[in-house]
Amino acid sequence: MSIVTVQLGQCGNQIGHEVFNAICSDVHGTHGLCSKKENESYHDACKERFFCEEESEVPVARAVLVDMEPKVIGQTLSMAARSGYWKYGDQSHFCQKQGSGNNWANGYSVHGPRHKEVIMNLVQKEAEKCDRLGGFFTIMSMAGGTGSGLGAYVTQCLRDAFPTSFILNHVIWPYGTGEIIVQNYNSVLTLSHLYQSSDALLVHENDVIHKICAQLMNIKQISFRDVNQVIAHQLGSVFQPTYTAECGLHYSRNPLGDLMETLVPHPEFKMLGLRNIPQMPENSLAYSTFSWPGLIKHLRQMLIANAKMEEGIDWQVRPPRLGSSIPSSHSTNKPLQFNTSIANLVILRGKDMHSVDLGSFRDPSLYTSWLNPQDAFNTWKTPRAFNKYEKSASLVSNSQFLLKPLDNVVGKAWNMFASKPGTGALKSPPEHLFSEQLWHKTPRTANTLLDKIQVTVQLNLKKTSPVSFRDRKEMLSTQPCFFKPFQQMERA
Amino acid sequence: MIIQIPSFPGAVHFPVEIIPTFNWRLETQFSYEESFQTLAQAVRSGGGPDIYKGKICSLKARALLIDMEEGVVNEILQGPLRDVFDSKQLITDVSGSGNNWAVGHKLYGYQYRENIVEKLRKAAEHCDCLQCFFIIHSMGGGTGSGLGTFVLNLLEDEFPEVYRCVTSVYPSGEDDVITSPYNTVLAMKELNEHADCVLPIENESLFDIVNKIHQMINSGKLGSTVKQNSLVTSSAGSAKTVQEKPFDAMNNIVANLLLNLTSSARFEGSLNMDLNEISMNLVPFPRLHYLVSSLTPLYTLADVNVPSRRLDQMFSDAFSREHQLIQADPKHSLYLACALLVRGNVQVSDLRRNIERLKPSLHFVSWNQEGWKTGLCSVPPVGHSHSLLSLANNTCVKPTFIELKDRFMKLYKKKAHLHHYLHIDGMEQSCFSEAISSLSDLIEEYNELDATKGGPRTDPSRLKIAV
């Protein structure tokens, strides 16, 4: 099954380009470290997923590039063509001249409706080229104007036009110390709108990746290109072909569907985080060896302690003991140390992955009580090594990791909105820039988002007695839940 | 006075300078072909439907030059840039405005309205996509101030969706034009109401910067040979600097300011910053749109030595008093927002490091503690390896306005020189009182913001969801 990528705005296009680069260089690398047959079927699966063979020998990426100003798309197209290994379709881009001016409302209410037809035509064309459409992968930043505003609108349009397809939004969280002054407004507006039309939001934080570049990759003068390359590596480690538990005979044919099924059991909890180990500068790879138990141990502690990379993990954090009485330190006023998960997915790439013991991830104390640990944890594997790492493990998790950053963003946006200095002559900040109507819907939704994530803590607190099926049903009954395992459970 | 009309795609590395009353001097530094088209329009030989064929035979600036006396404009047309300006895009008269805002605004405004609108429309039609108008003028005179603000009004009526960015040269205390306070305050009212953002410039600051550079060049210190074409006051590619008229150097600074401002729109970069983003991010409330600008570095030393300490020094300088283009000290006042546009080989880690380093010494308003807007453009200006333009929406403009108000009141109380204004049709005493009250309101708004500085930070309580 094929995935159509939609790259939105400067950030989306720059990252998208690095993603295709990473995938291509992985496929053409000689470090597969597996049998030729394995390598070939990996190659074929990857090709089908991301590229389209056309008359020209070079594979064409299944992507649509959208931006409101022409420079970035022009650069992206030419850099891809220069690589010689792949390129973008000649007609698969759309750009305008004036930009969105970092104005979410501009992207959503002006550019969106105005250019809806052209953009959706491009998407339709790409979708038709696929033998089987596996879903859409959109890449955008939350802070700007095009990626965020137009991105939210396009996601809505995708949902309307393809109601049964999977839509995964890759969202870039801006630097906390500010890239754009109105970034908090744009972020809150984007997240709340995306939540309604998207199936899952895969989040990468600029601050986190920056730290990885500085501390793990040892890059002295970190550029956006470096940041984007790390992000692309992490994305590649998730989306390159793997075998799932159900079918070990051929590479999974439905990556997005499998992802949603394992990680998004409830439509109210859609934010996914990604961790990948090991990460190190390329020239150190030759001198390093890895062991699966070591990697798994680090990955698990990164999950529990909400660490973003394999250095500086807090090993003191432990999961609460099952059935223990709830001490007051678990009240929501104290900073949460332990990161409760709803669902986790571990992806292993490299030799000897069959023998890996993942029991530590199945520990029920890691998870909320309303899901069976068997359903909450899944793994995907392949013996084929990824991108020169002899062994690598990725963790995609639906957990509380984003609680604090989200709280920060909502808090700052609210502060800016609610502070109205004295005289009547001054209008409050968003009114002369956004449409008021649009804004009033949003802080409520954003706060709701936050509260939903905190609800997992409360659900956790009910662990003393086994949660009856009726209770579970009540919690889920508010939203129609269209994933199979749950429907089966309800019927039982 | 020039109205420039940048559009897309691309731009010309094209500093245009204006002097309030005297010389004009224009420099052109040609860069990439696509980058021309923002500020100028390529007139190609061969014409025809495919506009990319044919060599460029000339570039015409997307500009309208307006002056009510001919001397300055004539000099431009006879100077080295005569081919760049289209003679059809000129509006001149003979007698000038006599340093009288009313003459510029009411008399000539009325007289030339049709003419101006027509020429603007023509220029706008040549643009693929019109994004912004740059108005460059002085506040103290008659034409720049009066007719300039009239054109500002006009632009709002005719092109309401296009940004109006105004670069205004404010008169200094020792200005030789006696009625400059009147002219300035009357113009300020128009700027308050009709401009999207204003970049105030003061001749005193420009002069200080020029002096500083001269000292540096002439000091003869070891290792201080300066690269001539890297001076922020220089005009690379022009004739020798001997016997330059004094305003040329100062005007070059303003030209470089505008170049840097539009650089991200013209050249590629890893984090683009367009002109419309400037207003969006830096103007929290519609009337508080006065942005204090500073340019660093002022020169590059000839010995090639680029330790990152020099890069950090560039960031520190941008916030120092000596580098601001008005007489103001932003470090000790309250920041509402700040934008940093970096050009050259500077990466995001350098930017972040410096922001984190400088932030503790700056005061930001409580609802915008991390109020930074950043842009990275890969192409540095000629002669430099990197440069930084900082635009700050800061309450340090208040003293300038207070001083202006005082000078105005001194004259107004005695009703000195008022009759020259009231002679003109359409001009009444109420114009003056409205103008001064508009200025007073503006000062009051800045005062209120200043009052919150340093106080305890009380964040409003969060929205509660009724469950």
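The numbers here are math on the coordinates, done by the rules we state, and not lab data. Computed from a predicted model, the values in this text were never measured in an experiment. As a convention, Cβ positions derive from the backbone with ideal geometry for all residues, glycine included, and neighbour counts pool all protein chains shown.
What is the distance in Å between the Cα centres of the stretch B:370-442 and the stretch A:376-421? Centre-to-centre distance over Cα atoms comes out at 47 Å.
Can you give the relative contact order of the stretch A:2-273 as a percent, counting alpha carbon pairs under 8 Å and 6+ residues apart? Once divided by the residue count of the stretch A:2-273, the mean separation gives 22 percent. Using the structure shown, select from A:LYS308/B:LYS453; A:LYS220/A:LYS404; A:LYS129/B:LYS373; A:LYS211/B:LYS453 the pairs with a Cα to Cα distance greater than 30 angstrom. Exceeds cut-off: A:LYS308/B:LYS453; A:LYS129/B:LYS373; A:LYS211/B:LYS453. Going from the fewest other Cβ atoms within 10 Å to the most, the residues A:TYR243, B:TYR446 appear in the order A:TYR243, B:TYR446. Working ranking of peptides B:131-144, B:110-123 by packing, defined as the average number of other Cβ atoms within 10 Å per residue, highest first, is B:131-144, B:110-123. Scattering from the stretch A:2-273 was approximated by placing one identical point on each alpha carbon and applying the Debye formula without solvent; log10 I(q)/I(0) at 0.10, 0.13, 0.15 1/Å stands at -0.48, -0.84, -1.15. Every Cα-Cα pair in the stretch B:55-96 was counted, and those over 11 Å apart are 65% of them.
Ordering B:HIS423, B:HIS105 from the fewest to the most neighbouring beta carbons within 10 Å gives B:HIS423, B:HIS105.
Shielding value for A:99-106 is 5, the average number of Cβ atoms from other chains within 10 Å of each residue's Cβ. For the stretch A:181-267, the square roots a ≥ b ≥ c of the C-alpha gyration tensor eigenvalues yield an a/c of 1.5 or more together with a/b not exceeding b/c, which makes the shape oblate.
Give the shape of the stretch A:166-325 as rounded, prolate or oblate, defined through the alpha-carbon gyration tensor: a ≥ b ≥ c are the square roots of its eigenvalues, a/c under 1.5 means rounded, and otherwise the shape is prolate if a/b is larger than b/c and oblate if not. Rounded, since a/c falls under 1.5. Taken residue by residue and averaged, Cβ atoms of other chains lying within 10 Å of the Cβ of B:259-269 number 1. Computed from backbone phi with θ = phi - 60° and the Karplus coefficients 6.51, -1.76 and 1.60, the 3J(HN,Hα) list for the stretch B:204-217 is 4, 5, 4, 4, 4, 5, 4, 4, 4, 5, 4, 4, 5, 5 Hz; x is used for glycine and proline. Cross-link partners for B:LYS122 among the aspartates and glutamates, with Cα-Cα distance under 17 Å and sequence neighbours closer than 8 places in the same chain left out: B:ASP86, B:GLU114, B:GLU156, B:ASP157, B:GLU158. The HN-Hα couplings worked out from phi for the stretch A:157-171 by the Karplus form 6.51 cos²θ - 1.76 cosθ + 1.60 (θ = phi - 60°) are 4, 4, 4, 5, 7, 10, x, 9, 8, 7, 10, 10, 9, 9, 10 Hz, whole numbers, x standing for Gly and Pro.
Distances between placed amide hydrogens fall under 5 Å for B:CYS129 paired with B:PHE8, all partners being 5 or more residues away or on another chain. Placing unit charges on each Cβ (+1 for Lys and Arg, -1 for Asp and Glu) gives the stretch A:2-273 a dipole about its Cα centre, and among A:ALA81, A:ILE23, A:VAL264 the Cα reaching farthest toward its positive end belongs to A:ALA81.
Each of A:ARG82, A:ARG62 has some number of other Cβ atoms within 10 Å of its Cβ, and from fewest to most they run A:ARG82, A:ARG62.
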